[in-house]
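Encoded as structure tokens, the structure appears first; notes follow it.
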Amino acid sequence: MALLMDPAEVPQGRGAERGGLMDPAEVPQLQWADPVSSSPRVYGRKQWRAVCKVLGNDNLLAEILVRLPPNPSSLPRASVVCKRWLGILSDPEFLKRFRKHHRKPPLLGFFEGYANRFAPVMDSPDRITASCFSMPKSSTPYSDHREYMGCRHGLAVLVNKQDRKTFVWDPLTGRQHSVDFPPGLDDAFTGNFCMWRAAVLCADAEDGHVHGDCFLSPFKLVLLCCGGYNTQAFCSVYDSVSGVWGGVFSTAVSRIISLLRPSILVGNALCWLISGGDILVFDLECQSLDVIEKPAFYYVTDGCFQILRMEGGGLGLAVLLDLTIQLWERKSNSDGVVGWVLLKKTIPLEGMFPRRMNSVRIVGYDEDTNVIVLTSMTGNFTLQLDSMQLKHIVKRNNICYDPFYPYTNFYTAGRAVGREGANLELIVIGPDLLTYYLGRTI
């Protein structure tokens, strides 16, 4: 589409005075003509000069660049166009605005049970491998999958039972916080059999905060243990602001916490799968620990259960029976009583895989994108529960039950392949969005 705006009419706004980005309200409403080729030979010289002059305005250019997709390659590739673009894209204020505009960081992939094994889900040039991350210090037992507890808000959490410490780790930088076990839990189970689980979440309450690169933000660390011959579960919460652990909460459980499932954040509650299908729920706001029984009797393994965050933010449960996934959700009835409801939607897996599968299990789930990870004899697949899109992310010739921990973040590190002054193609998507792609000729 052609831009029909005289450059002299472009308002500079308050953003120009402070050298930063324009406020959304200051962005001029542009008028658009019918689509035409992006070549200046057919664009019309007057219109083409108008486009070039408008793009010469730093404020408008920043408004365009902030709308680039939040994929890992977008900013690095755009930064090699020229020094001017590099200066805008490397400005911390721009990066903050970029994250705020997109709100949700993309799913980059899954850690396969270990901190040094990563399964990317994006295709090239956005494919992120384990070599892109900075491993925890060698004293941290990241090679033991039983110690790796999962990721949330760009942070990972690990547990060292031998040293009685927990670690909050930033995979992009390798930085980590080390937190000793709370005395109330550590003393109670010294010398006793105990299974430890942990979860981390960003606690930044600043208005407009976007999760991703949250290492310097306040965080909460929840440490859970199942001890006393698996009849009691205990947990405590660490607040990074105060630097202290809170009280110890406990509740009765009938079985151990599943080692194959990390916590799922549903509203203000962290939920863990109990072996057999029940759910252990810790309410961060009410500071209570309770058990929710599974919706029906299922005689299946833990690999057939997956806690879900439903579309409306409620608690759900996926149950894999043979090659069909049933979906349950906690809802209130007409009397206000909350209980499980079996949804009409079922997901038949028969025919979705490249070849017939006799055995499929669930090994992972991303609460932000509603994507589950399935394992089979041909490798691992992601299944988006809303669109039903299936993608083969790991190829192998055997079934692997290692848990898959999702990792979402705004990854902008790395170098783009290109040169300053690379050719561009100008593409207009809708009446208010310009996106630049490298490697094409105007």
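The set of residues in region 72-97 being touching a Ser or Thr at 6+ places or on another chain (Cβ under 8 Å), outside any loop (DSSP other than H, G, I, E, B) and of a type outside the set (Ser, Thr, Tyr) consists of Leu75, Pro76, Trp85, Leu86, Leu89, Leu95. Assess whether Arg419 counts as being at pLDDT below 85, farther than 25 Å from Asp91 by Cα and either assigned to a strand (DSSP E or B) or of a type in the set (D, E, K, R) (or both). Answer is no for this residue.
Is it the case, given these coordinates, that Asp402 is surrounded by 14 or more Cβ atoms within 10 Å (Cβ to Cβ), among the acidic types (Asp, Glu), more than 17 Å from Asp123 (Cα to Cα) and modelled with pLDDT of 95 or more? For Asp402, the condition - surrounded by 14 or more Cβ atoms within 10 Å (Cβ to Cβ), among the acidic types (Asp, Glu), more than 17 Å from Asp123 (Cα to Cα) and modelled with pLDDT of 95 or more - is not met.
Every condition in (1) more than 25 Å from the chain's Cα centre (by Cα); (2) in contact (Cβ under 8 Å) with a residue 60 or more places away in the chain; (3) outside any loop (DSSP other than H, G, I, E, B) is met by Ser250 except one, and the failing one is (2).
Taking the options Asp187, Asp204, name whichever one is at pLDDT 70 or above, acidic (Asp, Glu) and surrounded by fewer than 21 Cβ atoms within 10 Å (Cβ to Cβ). Write out each step before concluding.
Numbers: Asp187 fails: at pLDDT 70 or above.
Criteria check complete, one pass: Asp204.
Checking the condition in the same structural domain as Leu374 (by the TED database), out of contact with any strand residue (DSSP E or B) (no Cβ under 9 Å at 6 or more places or on another chain) and not acidic (Asp, Glu), which residue from Ser254, Ser242, Ser258 passes?
Values: Ser254 fails: out of contact with any strand residue (DSSP E or B) (no Cβ under 9 Å at 6 or more places or on another chain); Ser258 fails: out of contact with any strand residue (DSSP E or B) (no Cβ under 9 Å at 6 or more places or on another chain).
Residue meeting the stated conditions: Ser242.
When Leu308, Leu349, Leu327 are checked against the criterion of being within 22 Å of Leu270 (Cβ to Cβ), open to solvent by less than 70 Å² (accessible area, probe 1.4 Å) and over 18 Å from the mean Cα position of the chain (by Cα), a single residue qualifies: Leu327.
What about Ser138, is it open to solvent by 20 Å² or more (accessible area, probe 1.4 Å), small (Gly, Ala, Ser) and at pLDDT 85 or above? No, not satisfied. Candidates are the residues of region 76-117 that are modelled with pLDDT under 90 and under 18 Å from Gly364 (Cα atoms); the one that is surrounded by the most Cβ atoms within 10 Å (Cβ to Cβ) is Ala115. Against the definition (aromatic (Phe, Trp, Tyr) and touching a residue at least 12 places away in the same chain (Cβ under 8 Å)), how does Phe305 come out, yes or no? So Phe305 fits the description; yes. Just one of the listed residues (Ser240, Ser254) is modelled with pLDDT of 90 or more, out of contact with any Leu (no Cβ under 7 Å at 6 or more places or on another chain) and open to solvent by 10 Å² or more (accessible area, probe 1.4 Å), namely Ser240. Comparison of Val210, Val319, Val291 shows that the only residue that is assigned to a strand (DSSP E or B), in the same structural domain as Val360 (by the TED database) and open to solvent by less than 20 Å² (accessible area, probe 1.4 Å) is Val319.
The values are calculated or read from the model by the stated rules, or taken from the named source; none is laboratory data. Worth saying up front: this structure is predicted, and the values here are computed from it rather than measured. No Cβ is skipped: glycine too gets one built from the backbone with ideal geometry, and neighbour counts run over all protein chains shown. Keep in mind that these areas ignore ligands, DNA and RNA; they rest on the heavy atoms of the full protein, side chains included. Shrake-Rupley method; radii C 1.70, N 1.55, O 1.52, S 1.80 Å.
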